[in-house]
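Visitor: Okay, handing you the structure first.
No lab work stands behind these numbers, since they all come straight from the coordinates. Quick caveat: nothing in here was measured; it's all calculated off a predicted structure. Ideal geometry is used to build each Cβ from the backbone, glycine not excepted, and the neighbour counts take in all protein chains shown.
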Amino acid sequence: MSAARLRERLAALREAGCALRKRPARATLDALAQLLDGWRDAASPWRRALEAELPLATGFSPEVVREGLARGLAGFGGDALRALAAAELGGADALAGAGPRAVTGFDATAVVLAGSIPMPTLLALVAPLALRSPVLAKSAARDPVTPRLVARSLEDVDAELARALEVVAIPGHDAEAVAALLEAECIALTGSDASVEALRARVRGARRVVARGHRLSVAALGPEAARGAALREAAEGLALDVALWDQLGCLSPVSVHVVGGDAAAPERVAEALAEALARAEARWPRGRVDTAAAAAIAGERDAAELRAAAGQRVAVLASAGTAWTVVREDAPAPRPSPLHRFVRVHPAESAEGLRAALAPLARHLAAVAIAGFGRETRDLARALAALGASRVCAPGRCQSPPLAWHQDGEGVLLPFARVSDLEVSG
């Protein structure tokens, strides 16, 4: 789509936004609540369409898509949206200008989508609309399916509201078209840190920028989860968290840190996790990987084997192909992961040692899955939150965040809002 055409679409969306703001705010919230209820329903036609089309477009296996959607959309219902709007904005009354605050959206919001996981895309489209801000969304090359289906499903729910959402495909190298997109009054950017910063640098004027850069998740197991039934349960949960979306989302753990316990605890955890990942592969097969990703996995395996041959306490437990890999590391410090179900298991002497090991990752932490810390669980959770984690949950829950999860430590709706305090009477 040309730059001139994009500017025309932005103008039309602003007009649709004017019409949207003339109708009751509660009507918009109710329509979006109905939309989310429909997507949460596994029998809805739009959910079935996404399950059918997403594997071909993204390379995820059908089993991963079905399980990932079931868990990821479980908390995305209409009641959750109404509760979120009440908690962050003051509800429909504030959106209508009643009470001590007036909350409005921007004349238009441009959303630059990235990645291939549907839930962030759905939420990125719904959040500005909840504030009655029309949305012009640039679809991600890795997932052209989700935004298109969301737009079509909104037409079924509320035709007037659907006119305030348009999805376009713009090549990243088309500088003029991207510049036109960035003329919206509010701009939401997602992607790698480098891509987000490159786009942010091109924003001109006083515009709201909501940026979501690179994030990753990890896990920590205490002594009570390093053996027996508790270890098996934790390993099964972590294998699920890793297998869903093939470890390509920010909520997929890339490492497991074994805190305290006896010297053999990291080996037990690595072996249990390897067994659980093998079972996960049978139930939720990994999707396709490109040549570069397969080469990266093989390279990291080879590097670990060389360190082991050099006398380091390193072990590689892996599938025959590249479907899954567990590397038992000999040091607490994290190492890079090639993803695609590649997990490192690190030792940590204490909770303090864990925090020191994770400190370099602090600005990128999304979720930390923890288990086996007994009475120290709450204190550790608070320490991880202070470090930067925006979620601390149990193994097996990473891929099921609530709608109100404070991504990057921020709200969900509030970043897209303009809030005015009305300090007058009468």
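Visitor: List every residue whose amide H lies under 5 Å from the amide H of residue 214, counting only residues 5 or more places away in sequence or on a different chain, with H placed 1.01 Å from N in the peptide plane.
Guide: 193
Visitor: Could you work out the helix-only [θ] at 222 nm for the chain, with each DSSP H run of four or more residues adding -39,500 (n - 2.57) and the total divided by the number of residues, to the nearest 500 deg cm²/dmol?
Guide: Helix contribution divided over all residues of the chain: -14500 deg cm²/dmol.
Visitor: Starting from 0 in steps of 5 Å, tell me what percent of the Cα-Cα pairs of the range 216-393 lands in each bin.
Guide: Histogramming the range 216-393 at 5 Å steps yields 1, 9, 19, 23, 22, 16, 8, 2, 0, 0 percent.
Visitor: Here's something else I'd like to know. Roughly speaking, what is the stretch gain from residue 232 to residue 98, that is 0.36 nm per residue apart minus the C-alpha to C-alpha distance, in nm to one decimal?
Guide: The residue 232-residue 98 span can extend by a further 42.9 nm.
Visitor: Percentage of Cα-Cα pair distances in the range 312-426 greater than 17 Å, rounded to whole percent?
Guide: Counting pairs separated by more than 17 Å, the tail of P(r) holds 68 percent.
Visitor: Which of 173, 411, 358 sits closest to the plus end of the dipole of the chain, meaning its Cα is farthest towards the positive end, when Lys and Arg get +1 and Asp and Glu get -1 on the C-beta?
Guide: The listed residue farthest towards the positive side: 173.
Visitor: Place a +1 charge on the Cβ of each Lys and Arg in the range 216-393 and a -1 charge on the Cβ of each Asp and Glu, then give the dipole magnitude about the Cα centre in debye, rounded to the nearest 20.
Guide: Dipole magnitude for the range 216-393 comes out near 320 debye.
Visitor: So what's the net charge close to residue 117: Lys and Arg +1, Asp and Glu -1, counting the other residues with Cβ under 11 Å from its Cβ?
Guide: -1
Visitor: Here is a follow-up. Taking square-rooted eigenvalues a ≥ b ≥ c of the alpha carbon gyration tensor, is the chain rounded, prolate or oblate, where a/c under 1.5 means rounded and, failing that, a/b exceeding b/c means prolate?
Guide: Prolate shape, in that a/c is at least 1.5 and a/b is the bigger ratio.
Visitor: Nearest 5 percent is fine: what portion of the DSSP beta bridges confined to the chain is antiparallel?
Guide: Of those bridges, close to 20 percent are antiparallel.
Visitor: Please give the helix 62-72 orientation as an angle from the longest Cα principal axis of the chain, in degrees from 0 to 90, rounded to the nearest 10.
Guide: Orientation of helix 62-72: about 70 degrees from the principal axis.
Visitor: For residue 257, which sequence-distant residues (separation of 5 or more, or a different chain) have an amide H within less than 5 Å of its own amide H, given hydrogens modelled in the peptide plane?
Guide: 219, 220, 221, 346
Visitor: Let's test the formula: R0 of 30 Å, r as the Cβ-Cβ distance of residue 385 and residue 179. What FRET efficiency results, to the nearest 0.05?
Guide: 0.20
Visitor: Another question about this same structure. Roughly how far apart, in whole Å, are the Cα centres of the range 283-321 and the range 128-163?
Guide: The distance from the Cα centre of the range 283-321 to that of the range 128-163 comes to 40 Å.
Visitor: What angle, in degrees between 0 and 90 and rounded to the nearest 10, separates the Cα long axis of helix 78-89 from the longest principal axis of the Cα atoms of the chain?
Guide: The angle comes out near 80 degrees.
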